[in-house]
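Chemist: Sending over a structure as structure tokens; questions will come in a sec.
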Amino acid sequence: MKPLQLIECQTNIPLQPLKKIEIYSFFDPFCKDSWELKSILRKLQIEYNPYIEIKHILLPTLRILTKCQAQSTTEDDNIALAYKAAELQGRKKAAMFLRYLQNETMTKNDIITRELLMQSAAKAQLDLDTFAEDIRSIHVTNSLKVDQHIAREMEVTMSPTLVFFNENYEDDGLKVEGVQPYAIYTYIINELIEMDIEKELPPTIYDYIAQNELVSETELDIIYEWPKKILDRELKKLKLMSLIEEVNYNDNKYWRKTE
């Protein structure tokens with residue numbers, strides 16, 4: 001028998017993957033395709049979370065900024081300024097803020113008001129005093145100008161658009177306009193990462209609905225890719241257990257955790 005050998009432990013082994021893909025997501029807050037793409041991006045985040053970082057950018061074209069201005073009466077209810085103010089408290093909180101705002105307006109067809117903005121900010125656990133102050137600050141205006149510069153540099157003119165970058169910033173980014181089949185995005189990630197990827201599994205349907213407050217049936221179909229009969233059966237089971245409830249709006253079906 002060979003003698004046992006002592007192997008020195010390597011403490012500097014990286015726990016994160018060697019490569020990470022940056023995805024810039026340019027969106028229009030009033031565009032239906034942008035919301036559809038968000039469901040695809042959530043699936044990407046679930047399956048490839050250790051390998052990708054997604055940066056959501058409200059596309060600051062004149063047309064979109066004009067729409068944001070047209071629906072507002074003051075700086076306090078301009079969705080472009082509000083989103084950038086939320087972003088100052090973190091990208092994740094800004095994304096949740098926008099999702100909660102969408103949940104309120106999408107199912108009720110409400111006009112965006114200061115009250116709705118503040119309600120959504122509270123749900124996203126933003127510091128409300130700081131948020132209200134930042135909406136009017138020069139930092140937010142300058143941040144929009146930075147986004148305009150980024151969009152021009154990447155030659156982004158339509159929403160939604162995704163731009164993929166690997167860690168070699170000397171390489172050109174790969175731009176994908178509109179909403180494409182999910183396999184297109186996974187193919188791009190696998191090509192850029194150049195290593196074997198073990199995809200993560202999604203949470204249970206109940207946990208996903210509970211975490212995201214209000215979820216469309218279309219989004220659940222994208223996330224889980226189950227046959228319709230199986231998806232309907234699981235949702236009906238949770239409904240009979242009074243864990244979730246159904247919300248219908250404009251012939252679309254949504255689900256949320258029962259209060």
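Chemist: Calculate the radius of gyration of the Cα atoms of the stretch 138-259 to one decimal place, then report Dmax, the largest Cα-Cα distance, as a whole number, both in Å.
Modeler: Taking only Cα atoms of the stretch 138-259, I get Rg and Dmax of 19.4, 55 Å.
Chemist: While we're here: How far is it, in nm, from the label point at E167 to the one at A70 when both lie 7 Å from their Cα along the line to the Cβ?
Modeler: 4.5
Chemist: When all C-alpha to C-alpha distances in the stretch 24-88 are sorted into bins of 5 Å, what percent of pairs does each bin hold, rounded to whole numbers?
Modeler: All Cα pairs considered, the percentages come to 4, 16, 23, 22, 17, 10, 5, 3, 0.
Chemist: I've got another one for you. Using 0.36 nm times the number of residues separating A122 and Y249, minus their current alpha carbon distance, what extension gain do you get?
Modeler: Net length gain for the segment: 43.3 nm.
Chemist: Another question, then. With n ≥ 4 as the cut-off for DSSP H runs, can you work out [θ] at 222 nm for the chain, using -39500 (n - 2.57) per run divided by the number of residues, rounded to the nearest 500?
Modeler: Value at 222 nm, helices only: -15000 deg cm²/dmol.
Chemist: Oh, and also: Can you tell me what percent of all Cα-Cα pairs in the chain are more than 34 Å apart?
Modeler: Across the chain, Cα pairs with separations above 34 Å total 25 percent.
Chemist: While we're looking at this one, here's another question. With every protein chain left in place, what is the accessible area per residue of the chain in square angstrom, probe 1.4 Å?
Modeler: With the other protein chains kept in place, the chain gives 59 Å² per residue.
Chemist: Under 18 Å from the Cα of K175, which lysines turn up, not counting those fewer than eight places away in the same chain?
Modeler: Within reach: K20, K38, K55.
Chemist: With θ set to phi - 60°, apply the Karplus curve 6.51 cos²θ - 1.76 cosθ + 1.60 along the stretch 136-142 and write out the HN-Hα couplings as whole Hz, x wherever there is a Gly or Pro.
Modeler: Couplings: 9, 7, 5, 4, 5, 4, 5 Hz.
Chemist: On to the next question. Can you compute the modelled spin-label distance between D33 and L174, with each label point 7 Å from Cα toward Cβ, in nm?
Modeler: About 2.0 nm separates the two model spin labels.
Chemist: Given the pairs K92/K257; K67/K93; K67/K228, which are separated by over 27 angstrom at their Cα positions?
Modeler: K67/K228
Chemist: Could you work out how much longer the chain between R136 and S242 gets when fully extended? Use 0.36 nm per residue separation minus the Cα distance between them, nm to one decimal.
Modeler: 33.9 nm
The values are calculated or read from the model by the stated rules, or taken from the named source; none is laboratory data. In this text the structure is predicted, and so the values were computed from the model without any measurement. Cβ: placed from backbone, ideal geometry, glycine included. Neighbour counts: every protein chain shown. What goes into the accessible areas is simple: the full protein's heavy atoms, side chains included, and nothing from ligands, DNA or RNA. Shrake-Rupley method; radii C 1.70, N 1.55, O 1.52, S 1.80 Å.
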